[in-house]
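Single-structure report; data block below.
What follows draws every value from the coordinates through simple rules; no lab data is involved. Everything numeric here is computed off the predicted structure, so don't read it as measured data. Heads up, the Cβs are rebuilt from the backbone with ideal geometry, glycines too, and the neighbour counts pull from every protein chain shown.
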Amino acid sequence: MSEAPKRPAKVIKLNVINEPKDSYTGGPSSLCPGCGHDQISNVIIAAAWENGIEPHRIAKMSGIGCSSKTPAYYLGQSHGFNTVHGRMPSVTTGAYAVNKDLLYLGVSGDGDSASIGIGQLIHAIRRNVDMVYILENNGVYGLTKGQYSATADIGSKKKKGTPNETQPIDLCALAINLGCSFVARSFSGSKKQLKSLVKAAMSHKGFALIDVISPCVTFNNNDESLKSYGYVKDNNVTLHVADYIPNRAPMEEIEVPEGHYRDITLHDGSVIRLETISEEHDPTNAVAALSALHAADAESKHVTGLLYFDGTKPSLIEDLGLVESALIDVPESELRPSREILDKLNAAFLS
Amino acid sequence: MATIANDFTINIATANGTGSQSANLILLQSLFEMGIPVSGKNMFPSNISGLPTWYIVRLSDLGYQAPGDRTHIQVLVNPATWDEDLESLETGSVVIWNSDAKKEMNREDIISYPVPMSSLARKINPKIAKLVTNIVYVGILAEMLGIDQAALESALSKQFKGKEKAIGLNITALGLGRDYFKDNLSKEDPYVVEGRELDTAKFFIDGNEATALGCHFGGVQMLAWYPITPSSGIAEAIIEYIPQIRTNDEGEATCAVIQAEDELAAAGMVIGAGWAGGRGMTATSGPGISLMQEFIGLAYFAEVPSVFWDVNRVGPSTGLPTRTQQSDITMLYEGSHGDTQHIVLIPGTVEECFEFGWRAMDYSERFQTPVFGLSDLDLGMNRWACEGFTYPEQDMDRGKVVRDRDVFEAFEDFGRYLDVDGDGIPYRTLPGSGMDPVLYRGTGHNTKGVYSEKPQDYVALMSRLKNKINGARELLPAPLLREEIECEVGVIYIGSMENTIQEIDDILEATGLKVSQCRVRALPFSNQVAEFIRRHETTIVLEINRDGQLWGILRKELPNDLVTKVHSVAYSDGQPPRARIYSDLIMAKLEEVEQ
């Protein structure tokens, strides 16, 4: 009997916690081939792997819709919760209140977040829940076959039907006005920028919103759509090149280009380096961020990059006044008050 | 004249927001401290200031706690309801009325005690005359009925907890009332109070506070709530007790509190906490539960522990927000779309509010499902006598959670929704544990938690869920039976009807009809309920609503031969149950059945 031919040795690249990238992948996607959401899933896998986050310490949260199905397609070693339409923020808030030690990675869509879930999004921002909130924004409802969503741009036309005439909601502008501590816009086709932003959001303590224009190849990728691949590619005003510099030796060297750049240090000591492309954008200035959004909007363009950042806001957990360890790690003997305490209460009532 | 001691009802008509509630509670507490069995019902409007409020104090040596059939002593302060209140009185009733109110006293057939309450109050302090007016009528009642001054002063100091100035002012006002009665009026009525020696010491507490304490002794880790009458008292009491019983020496708490943006978010937070392995809860009322329905279905289907307290008020819609009812039974038991079935715990006393407070958490984690506590406005917001709370006799039941990798590895096959033990309850691992990572979902799933639309997966899942909840029947608080062998008629009832049932029973017995009683304390029904029905010729299901919701659920679940034996007596007018109305309805129903 001859020996089976040996497979040639394969080099597997490991991250700082010695995990291969496979530890961060998920099941096969059932979305339409070419969907922007799949590109974002790949970015999430790469960002989590490169950041060296233990996969089981991530909690994948989502609502309902095409985007909210994607947690099945990445981070197969993480627990997740595909909740109800638009209400992922509240479920995340409750989980976070009892276990602050997980990295909450929320994925939502424009149908989920800009309509039914807009109230919960707003209040999660208001509370500064410590989570990454990736909004996969394509301007249409995919699972129900292509109705406009509340982020569809005026004059934009999807594959079927008439152009949208209703004023869109810009969730980045909304978030900035609400004092959201990390607000970015990106494009599923700008893998490098998106990855840097996702990595930075994962290092941020507080609510990090990344609104990612993610074209719907089936219902909204025609030339008349302002959220098609072609349109976004040609009309993307990039504020800056963004590079994520981890708080340890990076796996690869970061190229420092000539010219101006600004480093923003994140809560875990890592840095997002924003290299100026045209005029310098100051991400700590909310008015500048809103101006950039309005200027782009006036020309029917999409501005991408880290729009706004505030590293000084306390996150929800600091407001709750809780014990140091996560509540789920508090032993039962400390959760239930003692018999003596009840005796004292009874006695006080009787006195 | 023969006196009537400890067997009458006082009705005090004031306006909301005038401070009458404090005065009324002092009156109630002072009677309670004299050892007199007494109950108080606050009939308040959905309003902050100005609308009519009635406070009903029932004294009964027999221990009756319902408001009674009639008013014996009417205190008239509020001109707005004056005529109506006066007109409704029976001949011979006593009226203590504010002669400064510029209203007529046009009844000749009553015992009239005019008191210039406003002028007396102004004597003490014109700026707060309105507030003081209330304590003046307490002084009048004290003198007229013979309430102990010591009991009054003790009640005052409890009400104003160390606020010496307020206590002093109120003692003066009480004295003015007493003196006015002594100097200007002569007692013409038969009503007196007599102190009683109690066998056991008791205190007054409302159901909401008792529930809140119970939740703390259940180790609640997260409260998410949205304010709504009549449930806010649960959340507020939970918050109030945290510094005292749920913080460490550094003042750090082991219970998070989040005031949500609405009831939907509150439900979401509770489910998030349960999913993460914590004990989350919310407190709301019917309108809130309506809003939470979608999430309730998710928690049932994805099997997430979560506790919801519903303090029932009058529906449908906004209904009568400050009135009591038992009308959320069906909505809780079969909450959310699709086939569902939920565990509902129904306390009938403040002691049970406490007990079911901690038990709800245990049941929810044991059965990995939403658990409801069903209280109501009457039980939740009124004060009831309590002998004290009993410490949980068992450790917290955290259910089937695999926390240890060795235990996890020992499973031959692990699936989040795999029924290993045959009781329908699967094992779960927690986020962050790294064991059996699973994407929880509200969509159809197989035993591994993976999306599935296969008919066999769906049927298996739905049958297992049914079995799981069925398995709770005999583990939940059992029905309380009061039965005598010769009784042909049984009465099944729930919740705060407990406080009226004895009086109903006595009225029925006076007509020669002896009935057995079965107080259901949880859904799904224990099999003992069917057995109770089997032992009786006829069973009445008595409830405070229009449609006989409990009866409907019972009929659906009873074996065919018993269905015809149960009959519904359901009535609700927003008022706390009055015994006479229900006893009359029971007798009418029995007559109808016999024909």
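For this structure, a couple of remarks:
- Restraint check, A:Lys21/A:Lys69; A:Lys13/B:Lys448; A:Lys195/A:Lys313; B:Lys102/B:Lys123; A:Lys6/A:Lys192; B:Lys41/B:Lys102, Cα-Cα greater than 26 Å: A:Lys13/B:Lys448; A:Lys6/A:Lys192; B:Lys41/B:Lys102
- Which of B:Asp61, A:Asp223 has the fewest Cβ neighbours within 10 Å, and the rest in rising order: A:Asp223, B:Asp61
- Cα radius of gyration and Dmax for chain B (Å): 26.4, 88
- Net charge, B:Ser88 excluded, C-beta distance under 14 Å - Lys, Arg +1, Asp, Glu -1: -4
- In the stretch B:400-477, the convex hull through the Cα atoms has an average projected area of 6.0 nm², a quarter of its surface area.
- Helical contribution to [θ] at 222 nm, DSSP H n ≥ 4, -39,500 (n - 2.57), averaged over chain A, rounded to 500: -8000 deg cm²/dmol
- Mean per-residue shielding of peptide A:112-125 is 1, counting Cβ atoms of other chains within 10 Å of each Cβ.
- Descending Cα extents along the principal axes, the stretch A:69-206, whole Å: 47, 34, 31
- Gyration tensor verdict on the stretch B:509-549 (Cα atoms; rounded if a/c is under 1.5, prolate if a/b is larger than b/c, oblate otherwise): oblate
- Fewest-first ranking of A:Tyr24, A:Tyr133, using other Cβ atoms within 10 Å as the exposure measure: A:Tyr24, A:Tyr133
- Centroid-to-centroid, using Cα positions, the stretch A:296-322 and the stretch B:187-230 are 47 Å apart.
- Compared with the dominant Cα axis of chain B, that is its longest principal axis, helix B:232-245 is turned about 80°.
- When only the Cβ of Lys, Arg, Asp and Glu is charged (+1, +1, -1, -1), the dipole of the stretch B:205-386 relative to its Cα centre reaches about 160 debye.
- Charge tally in the Cβ shell below 9 Å around B:Val489, where Lys, Arg are +1 and Asp, Glu are -1, B:Val489 excluded: -1
- Local net charge near A:Leu197, Cβ-Cβ under 14 Å (Lys/Arg +1, Asp/Glu -1): +1
- Principal semi-axes in Å for the stretch B:482-595 [√(5λ), Cα gyration tensor, largest first]: 19, 17, 14
- Under Karplus coefficients 6.51, -1.76 and 1.60, residue-wise ³J(HN,Hα) of the stretch B:89-106 in Hz, glycine/proline x: 7, 7, 3, x, 5, 9, 10, 9, 10, 6, 6, 8, 7, 6, 10, 7, 10, 10
- Low-density loop positions, trypsin sites (Lys or Arg not before Pro), the stretch A:281-351 - DSSP coil, at most 11 other Cβ in 10 Å: none
- Peptide A:315-326 shows a mean partner chain C-beta count of 4 within 10 Å per residue C-beta.
- Each listed q (0.08, 0.11, 0.14 Å⁻¹) maps to a log10 I(q)/I(0) for the stretch B:205-386 from the Debye sum over equal C-alpha point scatterers, namely -0.20, -0.39, -0.64.
- Using the empirical formula 2.2 N^0.38 Å as the baseline, the Cα radius of gyration of the protein assembly as shown reaches a ratio of 1.10.
- Shape category assigned to the stretch B:470-515 from the gyration tensor of Cα positions, a/c cut at 1.5: oblate
- Computed on the stretch B:400-477, with alpha-carbon pairs under 8 angstrom and 6+ residues apart, the relative contact order is 26 percent.
- By the count of neighbouring beta-carbon atoms within 10 Å, fewest first, A:His260, B:His445, B:His567 end up ordered A:His260, B:His567, B:His445.
- Here the stretch B:235-297 and the stretch A:179-214 have alpha carbon centers that stand 31 Å from each other.
- Pairwise Cα inverse-distance average, inverted: Kirkwood Rh of chain A (Å): 21.4
- Dipole axis of chain B (+1 Lys, Arg; -1 Asp, Glu on Cβ), positive-most option in B:Thr349, B:Phe408, B:Pro45: B:Pro45
- Inter-chain neighbour count for B:339-351: the average number of beta-carbon atoms from partner chains within 10 Å of each residue's beta-carbon is 0.
- For the stretch A:107-181, the list of trypsin sites (Lys or Arg not before Pro) that fall in a loop by DSSP and count at most 12 other C-beta atoms within 10 angstrom reads A:Lys145, A:Lys160.
- Simple spin-label estimate for B:Glu188 and B:Arg534 in nanometres, 7 Å along Cα-Cβ: 6.3
- Qualifying trypsin sites (Lys or Arg not before Pro) in the stretch B:31-106, where qualification requires a DSSP coil assignment and no more than 16 other C-beta atoms within 10 Å, comprise B:Arg70, B:Lys102, B:Lys103.
- Using only alpha-carbon positions in the stretch B:4-192, the gyration tensor eigenvalues give semi-axes of 22, 20, 17 Å once each is multiplied by 5 and square-rooted (largest first).
- Helices in chain B, meaning DSSP H runs of at least 4 residues, each add -39500 (n - 2.57). Divided by all residues, the mean residue ellipticity at 222 nm is -12000 deg cm²/dmol.
- Percent antiparallel among DSSP beta bridges (both partners in the protein assembly as shown, rounded to 5): 35
- GNM result for chain A, Cα springs below 10 Å: residue of A:Ile213, A:Ile118, A:Ile17 fluctuating most strongly: A:Ile17
- Hypothetical label at B:Asp397: residues of the stretch B:416-447 whose amide nitrogen lies under 17 Å (7 Å Cα-Cβ projection): B:421-428
- The stretch A:45-117-the stretch A:232-246 distance, computed between alpha-carbon centres (Å): 24
- Here's how it looks for A:Val140: its modeled amide H is under 5 Å from those of A:Ser149, which are all 5 or more places away or on a different chain.
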